[in-house]
Structures are given as C-alpha cells and as structure tokens.
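I am attaching a structure below and will ask some questions about it afterwards.
The values are calculated or read from the model by the stated rules, or taken from the named source; none is laboratory data. Computed from a predicted structure; not experimentally measured. In this analysis, Cβ positions are derived from the backbone assuming ideal geometry, glycine residues included, and neighbour counts consider all displayed protein chains.
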Amino acid sequence: MAFVETKLEHWIEWKQKCAVDLCLEETRNALMAYGGAQILNRLKGWDSRILQDLLDQAAKNACLPIREGWRILETFLHETPNKSPIRHKDWLFAQASKFSHLEPDSSLTAADANRIVPAQVALQKVMAGVVKTAVRRHCERLLKELPKTNGESLDAPLSLDGDEACTRGTVMAIEDFPDADAVMGTKDVSPDDAAARAEMRNLALAEAKALEPGLSDRECLLLVAHDAGMAMSDPLLLEAAGVKKSVTSAGLNGLVRRVCQKLAQQYSQEDPADVRLLQKNTLEYLVQLAEQRISPEIKARLGLLPEGKDDELF
Amino acid sequence: MSKLPHIRSQSLSPEETARVQRWQRAWRMHLDLQGQAEEPSSADPASAQTGCPAGEPAFRLQEWVAPYDQDSVAVGDIRLLSPEIIDERAVYVAVLAEAEWGMWLVAPYGNFSEPCAPGELETGRKEAAFQVLCLWNLHSVPVELLHRSWKVDSLTEQELQEAKAVFQNVAAGRPLPEPLRARVGSPIFSQFDDRVVYQREEAALMAPLARAAQRRMEEVQLAWILDIPIPAHNPRPTGPEISRIRDNMARKLTEELTLAAAAAGGQPYSHVALFKGSLQELEDWLAAGGALNRLKVFTASAIVEPQPDQAKPSKCFAQWDLGALSPAPAEGDLFAVFDRKAKRFIGQGRVAQGGQVGSLIEGAWELFNRPAFRCQDLLLLLLRCGP
C-alpha cells in the first residue's frame with residue numbers, strides 16, 4: 001500500500017478537535033487514509049477473521065475499510081466516556097517533539113540540518129508504534145467478545161489481490177499461535193516423592209542433553225540471561241546478543257515453546273501434569289548446559305561472573 | 001506403559017488456564033507485531049535526511065502540548081506520565097495513596113486487556129488504557145514526578161478499595177475477597193512462563209520511577225542525618241536539558257587528583273575520582289546514558305574500615321583517609337560510593353575534618369561485608385558543586 005503523506009496542519013487540527021469526523025474534509029481524508037491504511041496493513045498481515053470482521057463492519061456502516069481502521073485507532077486513544085481532551089494526543093505530540101535533537105531556542109547551523117526531522121514525519125513515526133498496540137488491543141477485544149461459531153474456521157484465508165495482498169508474505173491467523181500447553185500450569189506439591197522426583201530429574205537431564213546441541217548460541221545466551229533474572233529488554237543483553245528487544249523476547253518464547261512442544265509430542269500418552277513437570281525440569285537442565293557454552297567474556301559483559309580477578313575499574 | 005514417573009502436583013483450574021491462554025495469545029500478538037518491520041515511509045530517518053517534506057522541525061510540536069496538571073495531585077487520580085519519564089509507550093498510573101515526604105503510591109495500567117498474574121486486576125473499564133491495573137508493579141514516587149503528567153480521569157472509591165485489596169493480597173498474602181478472585185490473573189508456577197518475561201520487561205520499563213524514588217529517599221536521609229529541613233523539590237530536567245547534560249557533561253567530569261602516597265605499605269585503598277557537579281547532576285548524567293566506565297578514574301589512596309553501626313547493625317560505619325589527596329577535598333563535600341564490580345551505587349558520604357577524612361553517612365552493611373570484599377573495589381566519587 002502506498003505511503004500516504006500528511007501535513008502538520010492535519011495533525012494539529014485533529015489534536016484540537018475530539019475526533020477526525022469533526023475535522024475539515026481534507027484533514028479527515030488525509031488522516032484516515034494514513035492511519036486507516038496502517039491499521040489495515042497490520043491486520044492483513046495477520047489474521048483473516050479479524051480483517052473480515054472489520055470489512056463486514058465497514059460494509060454495515062456503508063463506509064470504506066480505512067474509515068473503520070481509523071475508528072479502531074481513535075477508539076484505542078479514547079480515555080474517558082466524556083468529551084474531555086484526549087491526553088494521549090498530547091503524549092504523541094510530546095514524544096514526537098523529541099525526534100529533532102535540538103533545543104527550541106537554538107540557532108540552526110548547517111551541521112544541524114541533518115538532525116532536523118519535520119514534525120509531521122515525527123508524528124507518523126510515533127503513530128506507527130501506537131498503531132501496533134491499537135491493532136493488538138482490537139484483536140484482543142474481538143477474541144474475547146466474539147464467540148467461536150459452530151464449525152466455522154477462524155483462519156480461512158481471504159482472497160487479497162494486488163495492493164491488497166499481505167505485506168508479510170504469509171497470513172498468520174490467531175489460531176496459528178501455538179496454544180498454551182506451555183503455560184507450565186503445574187507445580188510439584190509432593191513433599192515425599194523422592195524416588196519419583198529423582199527419576200523425573202534423570203529423564204529431564206537426558207532430554208536436556210539431547211536437546212542442547214540444537215540450541216543456537218543466541219538461544220543459550222537468552223536462556224542463561226533469563227535464568228539470571230535479566231529482562232529481555234536489558235541493554236546489556238541486547239548488546240551481547242546484537243539484536244533488538246523484540247528478537248530476544250520472541251527468541252526465548254520460541255525456544256521454550258519448541259522444547260515444550262517436542263516433549264509434549266514425545267510423551268503424548270502421559271499424564272499432562274507429569275509432562276509439564278518434565279518440561280519445567282528439562283528447561284532447568286538446559287540452562288545449566290547452555291551456561292557452559294557462554295564464554296567468560298560474554299558472562300562478564302552481562303555481569304554474570306562470580307567474584308574474581310578483575311583489574312579493570314569497571 | 002507409562003514412561004514418566006507420577007508426581008503429586010497442583011495444576012491450574014480450567015478457568016485459570018483459559019485466562020492464561022487469552023493472555024498468551026495477546027503476548028504472542030505483541031511479540032509478532034513488535035517484530036514486524038515498520039511501514040516504509042518518509043518517516044525513516046534516512047529519508048528524513050534526503051528529501052523529506054520540508055516543514056516545521058519536530059521540536060516545535062511542543063508548542064501544541066497541553067501543560068502538565070501540576071497543581072492538584074490527589075489520591076484517586078488517573079494520570080498519563082510524560083514521555084520525558086517513560087517513552088516506550090504511553091503509561092497511565094493510578095494514584096493510590098499519599099505517603100510521607102512528598103511520596104505517592106502509584107500503580108501502572110497494563111499493556112494488555114487480560115490480567116497476567118495474581119497481582120493484576122481486571123478493572124471492568126471499557127477504555128483500552130485502563131482495563132488492567134498492575135498492583136505488583138506498584139511504586140512510590142516523588143510528587144515532582146507526578147507533576148510531569150496529565151490527569152485524565154479518577155478512580156471511584158470502589159476501585160480504590162479493590163486495588164488496595166489486590167495489593168494486600170500479593171504483598172502480604174491477605175485473602176482476596178471472593179468477587180475479586182475471578183478478576184485477577186492466574187498464578188505463575190514456572191520461571192519459564194512467558195508471564196515472567198513480560199513482568200521483567202514491565203518492571204524494567206518502570207525503572208525511572210524507582211530511580212526517582214531512590215533519589216528522593218536519599219535526599220530525605222541526608223536531610224535527616226544532617227538535621228536540616230528536607231529540601232524543596234527541584235524541577236527535573238526536560239528532554240532538551242537531558243540532551244544538553246549528555247552532550248556537555250563529559251567535559252566537566254573530572255580533574256586529576258594526584259596522590260602523595262599511593263597505597264603505600266600494602267594499605268587498603270579505594271579509588272577516588274572527582275565529579276565536578278552535584279549529586280543531582282550526577283544522577284541526571286547517569287539517567288541520560290552516562291556510564292561510569294567512561295569516567296577517568298585516578299588512583300588515590302584511602303583507608304576504609306567498614307564495620308557495623310552499633311546503633312543500627314544493618315547500616316555500617318566507614319572512614320577514608322583523604323589527607324593525601326591533592327587538591328584536597330573541601331569540608332562538607334559529598335561523595336558517592338560505587339562498587340566497581342557490581343557496578344552500583346552503594347552509599348554516600350561527606351568530607352569532614354577540614355578535608356582530611358571522608359565518612360560514610362549512608363550505606364548498607366551487607367554490601368561491605370561480602371566475603372570477597374576489597375577496598376579496591378570501591379570508587380569514591382567526590383562531588384564538587386563549587387568552583
């Protein structure tokens with residue numbers, strides 16, 4: 001979908017009025033085309049059922065899908081049932097104002113030119129992040145409110161052509177998200193099953209040893225960092241892993257699910273509660289094995305080394 | 001035949017499992033969206049530098065931002081924190097109670113519509129921003145932090161009571177009233193649960209609140225120790241000010257302190273550096289991304305004798321002989337004590353006896369009493385506000 005340009009005047013008018021419907025036609029068209037397209041694109045790349053719902057709603061309201069897309073965005077931003085000012089808009093403007101690293105009263109030099117980001121560009125940049133959250137919250141609401149109809153597939157693909165094609169190559173339906181058998185919703189409450197527990201630990205160790213060679217170095221790093229209590233957004237971890245936060249979180253998530261699903265398949269005939277305990281034990285052993293693959297230098301950078309020789313000041 | 005040993009265990013109920021599953025779907029959606037590339041647009045910095053549409057620079061947007069609601073912080077407020085405090089996403093907080101010394105208890109609203117753990121309460125509100133209140137992530141914050149926020153709504157008395165009940169449950173194990181049980185998240189049984197990952201990220205997101213509280217409590221402690229009035233709140237630096245601090249602070253960081261008798265005779269010693277600025281400026285610098293490892297540190301000798309404070313065993317007493325430093329520190333100069341290994345602030349002290357001695361005025365004994373404690377691990381950062 002083509003990039004839609006907006007003007008600063010559009011954003012200011014929208015900020016000053018409660019909703020885009022109250023704005024001048026030019027503003028309304030420009031912002032809806034921009035924001036609605038962003039929402040649609042995110043939904044198309046994701047879940048056909050939810051996109052279908054949006055298209056149905058648009059048809060029902062006799063309006064364009066982009067209008068429905070914008071409505072999702074404004075609904076997300078709305079903070080109170082009354083018509084008080086939407087402070088989220090002030091947050092957007094304040095956040096976007098930080099994109100030009102210049103003080104308001106500074107005199108501009110030629111060297112500053114590259115540091116200037118036009119206001120409308122900064123606003124669109126900030127809005128792109130808000131769009132992601134708005135889309136997710138909309139999907140969460142639909143998943144909560146819409147009953148699963150009898151026999152209806154939730155992930156029947158839509159036919160999307162040309163510009164309408166999914167921007168991500170594949171359509172991922174919500175139902176494609178692995179279900180929550182990896183919640184590990186079981187805990188050991190037996191104080192005296194020493195023999196059974198030892199047997200479980202032995203099995204878990206064997207499984208961990210079998211799984212460990214399949215772990216990438218980065219996965220080892222994520223496991224060990226998580227076990228040490230680090231957040232996946234920790235700047236030290238991101239630097240050591242050389243990736244963004246979304247990659248670390250998703251990487252750990254993918255690893256845990258892979259291990260859990262593999263064991264769940266392997267022990268599909270067993271009591272699910274016992275399988276969950278095996279999953280948990282196996283992951284704990286995997287941490288120990290993964291730790292052996294992390295170099296002392298990386299551990300030092302993450303602050304994971306025990307007290308020892310350290311001649312550097314920091 | 002079963003291959004797995006059977007161990008007596010407790011599992012989530014079907015309702016609890018369903019709740020976790022809904023939360024997990026939201027989490028997976030979140031991860032998926034975060035991983036998606038940005039839309040191709042002229043918002044890319046590269047295109048911003050090469051032929052982007054001309055117009056007002058972004059910082060002019062500040063002119064259209066409503067002033068913060070500074071005058072009327074009150075229990076029951078729902079406030080949107082300035083992006084100067086947290087900029088990753090818009091964070092709304094509920095103001096739950098007023099504490100002493102200008103501190104207020106606040107809890108953030110969550111980023112999902114489903115509560116993730118027993119410390120999260122489904123509020124019943126329809127607005128996306130206020131559907132889940134995260135009592136496990138409660139913080140006490142100085143009022144000046146709330147002065148950089150906009151008031152957007154108020155809690156009802158019932159909402160306040162419910163929040164208090166959930167906090168008492170997670171913090172002190174007090175039984176949760178029956179009607180609330182179905183509105184909180186399910187328990188977490190494993191550290192590998194996605195919800196632990198999420199909680200750590202949320203806790204890290206709120207780090208600026210914890211830092212502001214720590215700074216305020218240090219001011220209060222110092223005022224109490226020195227028997228002076230608790231200082232008035234200072235306005236915090238704004239975004240451009242932080243940039244200025246970040247850019248300029250390196251130049252005024254340190255000047256060399258020469259050593260007359262460096263670590264002679266195997267005496268224990270600590271490192272000393274001079275930071276030409278106030279504690280406030282140091283913290284601003286650290287908050288703006290300044291790293292201690294960029295400080296030029298000068299070898300200097302000092303004797304440290306940490307021992308428990310007789311009156312308060314959890315606290316400790318320590319002194320450094322600063323007489324050998326040149327130029328000599330001034331009476332009353334403050335210094336911050338950092339553990340170089342742990343890379344953290346562990347106490348603060350004040351120069352006394354005409355600049356000859358540095359005395360710890362606040363520090364936890366357990367930090368000094370580690371088995372492998374070495375004086376060399378300590379860095380004393382002398383703070384000098386004057387010329």
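Give B:E157, B:E144 a once-over and let me know the one that is under 26 Å from the mean Cα position of the chain (by Cα) and surrounded by fewer than 21 Cβ atoms within 10 Å (Cβ to Cβ).
Within the list B:E157, B:E144, the selection yields B:E144.
Find all pairs meeting these conditions: Cβ atoms under 6 angstrom apart; at least six residues apart or on different chains; first residue within segment B:13-24 and free of Cβ contacts under 8 Å to residues at least 60 places away in the same chain and under 12 Å from A:K144 (Cβ atoms); second residue among the hydrophobic types (A, V, I, L, M, F, W, C) and assigned to a helix (DSSP H, G or I).
Sorted first by the residue in segment B:13-24, then by its partner, the pairs are B:Q21/A:A180.
Read through the list (1) acidic (D, E); (2) more than 11 Å from chain B (Cβ to nearest Cβ); (3) without any contact (Cβ under 8 Å) to a residue 60 or more places away in the chain, then give the number of the only condition that A:E199 fails.
Failed condition: (2).
Now a separate question. Taking B:D153 as the residue in question, decide whether it is touching a strand residue (DSSP E or B) at 6+ places or on another chain (Cβ under 9 Å), within 13 Å of chain A (Cβ to nearest Cβ) and either closer than 20 Å to A:E79 by Cβ or not small (G, A, S) (or both).
Considered against the rule, which asks whether it is touching a strand residue (DSSP E or B) at 6+ places or on another chain (Cβ under 9 Å), within 13 Å of chain A (Cβ to nearest Cβ) and either closer than 20 Å to A:E79 by Cβ or not small (G, A, S) (or both), B:D153 comes out as yes.
Moving on. Considering each residue of segment A:276-296, count those that are at the interface with chain B (Cβ under 7 Å from one of its Cβ atoms) and among the aliphatic types (A, V, I, L, M), and give that number.
Qualifying residue count for the region: 3.
Follow-up. From A:I12, A:I50, A:I86, which residue is more than 7 Å from chain B (Cβ to nearest Cβ) and at pLDDT 85 or above?
A:I86
Sort out which residues of segment B:181-195 are buried (at least 17 other Cβ atoms within 10 Å of the Cβ) and outside any loop (DSSP other than H, G, I, E, B), and write them in order of number.
Of everything in segment B:181-195, those that are buried (at least 17 other Cβ atoms within 10 Å of the Cβ) and outside any loop (DSSP other than H, G, I, E, B) turn out to be B:V184, B:D194, B:R195.
Something else now. Do you know which of the residues in segment B:162-177 that are outside any helix (DSSP H, G or I) and exposed (fewer than 14 other Cβ atoms within 10 Å of the Cβ) is nearest to the chain's Cα centre (by Cα)?
B:G173
Let me ask something else about it. With segment A:195-314 as the region, which helices (runs of 4 or more DSSP H) entirely inside it contain at least 1 residues that are at pLDDT 90 or above and not β-branched (V, I, T)?
Numbers: elements: A:217-227, A:235-241, A:245-266, A:272-291, A:296-302.
Where helices (runs of 4 or more DSSP H) fall fully within segment A:195-314 and carry at least 1 residues being at pLDDT 90 or above and not β-branched (V, I, T), they are A:217-227, A:235-241, A:245-266, A:272-291.
I need the full set of residues from segment A:245-271 which are surrounded by fewer than 16 Cβ atoms within 10 Å (Cβ to Cβ) and more than 8 Å from every other protein chain (Cβ to nearest Cβ), in order please.
Correct list: A:G254, A:Q261, A:Q265, A:Q266, A:S268.
For the subset of segment A:51-69 comprising residues that are among the small types (G, A, S) and closer than 20 Å to A:L143 by Cα, which member is surrounded by the most Cβ atoms within 10 Å (Cβ to Cβ)?
Here is the first cut: in segment A:51-69, the ones among the small types (G, A, S) are A:58-59, A:62, A:69.
From what's left, closer than 20 Å to A:L143 by Cα: A:58, A:69.
Numbers: A:A58: 19, A:G69: 27.
Only one residue fits best here, namely A:G69.
Could you check segment B:86-114 and list, in sequence order, the residues that are in contact with a Lys or Arg (Cβ under 9 Å, 6 or more places away or on another chain) and away from every other protein chain (no Cβ under 14 Å)?
B:V95, B:L96, B:A97, B:W101, B:G102, B:M103, B:V106 - these are the residues of segment B:86-114 that are in contact with a Lys or Arg (Cβ under 9 Å, 6 or more places away or on another chain) and away from every other protein chain (no Cβ under 14 Å).
Among the numbered conditions (1) more than 14 Å from chain A (Cβ to nearest Cβ); (2) modelled with pLDDT under 70, tell me where B:A352 comes up short.
Of the numbered conditions (1) more than 14 Å from chain A (Cβ to nearest Cβ); (2) modelled with pLDDT under 70, the odd one out for B:A352 is (2).
Do the conditions hold for B:Y92, that is, is it within 20 Å of B:E127 (Cβ to Cβ), of a type in the set (S, T, Y) and in contact (Cβ under 8 Å) with a residue 60 or more places away in the chain?
In short, yes.
Could you grab me the full set of residues in segment A:212-227 that are within 27 Å of the chain's Cα centre (by Cα), away from every other protein chain (no Cβ under 11 Å) and not charged (D, E, K, R)?
Once the filter is applied, which keeps residues that are within 27 Å of the chain's Cα centre (by Cα), away from every other protein chain (no Cβ under 11 Å) and not charged (D, E, K, R), segment A:212-227 yields A:G214, A:L215, A:S216, A:C220, A:L221, A:V224.
Right, next: If you go through segment B:87-130 one residue at a time, how many are under 28 Å from B:T17 (Cβ atoms) and of a type in the set (D, E, K, R)? So that I can check it myself, show each step before the final result.
Kept after step one, since they are under 28 Å from B:T17 (Cβ atoms), are these residues of segment B:87-130: B:107-130.
Within this subset, residues satisfying the condition of being of a type in the set (D, E, K, R) are B:114, B:120, B:122, B:125-127.
Qualifying residue count, segment B:87-130: 6.
I would also like to ask the following. Determine which single condition A:K83 fails, assuming it passes every other condition in (1) of a type outside the set (G, A, S); (2) in contact (Cβ under 8 Å) with a residue 40 or more places away in the chain; (3) surrounded by 20 or more Cβ atoms within 10 Å (Cβ to Cβ).
All conditions are met except number (3).
A further question on this structure: Select from segment B:1-28 the residues that are within 28 Å of the chain's Cα centre (by Cα) and facing chain A (nearest Cβ under 7 Å) and write down the one among them that is surrounded by the fewest Cβ atoms within 10 Å (Cβ to Cβ).
Going through the qualifying residues, I end up with B:R28.
Turning to a different aspect of this structure: Could you figure out which of (1) closer than 30 Å to A:R42 by Cβ; (2) among the acidic types (D, E); (3) at pLDDT below 70 isn't true of A:E140?
(3)
Output the residues belonging to segment B:118-135 that are crowded, with 22+ Cβ neighbours inside 10 Å and of a type in the set (A, V, I, L, M, F, W, C).
B:L121, B:A128, B:A129, B:V132, B:L133, B:C134, B:L135 - these are the residues of segment B:118-135 that are crowded, with 22+ Cβ neighbours inside 10 Å and of a type in the set (A, V, I, L, M, F, W, C).
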